[in-house]
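Enquirer: Just dropping this structure here.
The values are calculated or read from the model by the stated rules, or taken from the named source; none is laboratory data. Bear in mind the structure is a predicted one, so any value in this text is a computation, not a measurement. Note that we place each Cβ from the backbone using ideal geometry, even for glycine, and neighbour counts take in every protein chain shown.
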């Protein structure tokens, strides 16, 4: 083989090796996982807003010293 062919082969091999590296892949995976968890938390809080509001009102009725309300925490 000629000197140019050997150098070209080495250069192409180096480029292929650089393309196969997976730098930054873990960071992207963690970012996607964090985003998925955040979306899940937002969905759960959004779906439970009424239940949380009812529970807070029920606890407030239990703490209230007005005898006209009944104590129903609403768990």
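Enquirer: So which residues in the range 19-50 are at pLDDT below 75 and either on the phi > 0 side of the Ramachandran plot or in a helix (DSSP H, G or I) (or both)?
Expert: Step one: of the range 19-50, the residues at pLDDT below 75 are 19-25.
Answer for the range 19-50, where residues must be at pLDDT below 75 and either on the phi > 0 side of the Ramachandran plot or in a helix (DSSP H, G or I) (or both): 19, 20, 24, 25.
Enquirer: Quick test for you: out of 53, 13, pick the one residue that is surrounded by 11 or more Cβ atoms within 10 Å (Cβ to Cβ) and modelled with pLDDT of 80 or more.
Expert: Unique residue meeting the criteria: 53.
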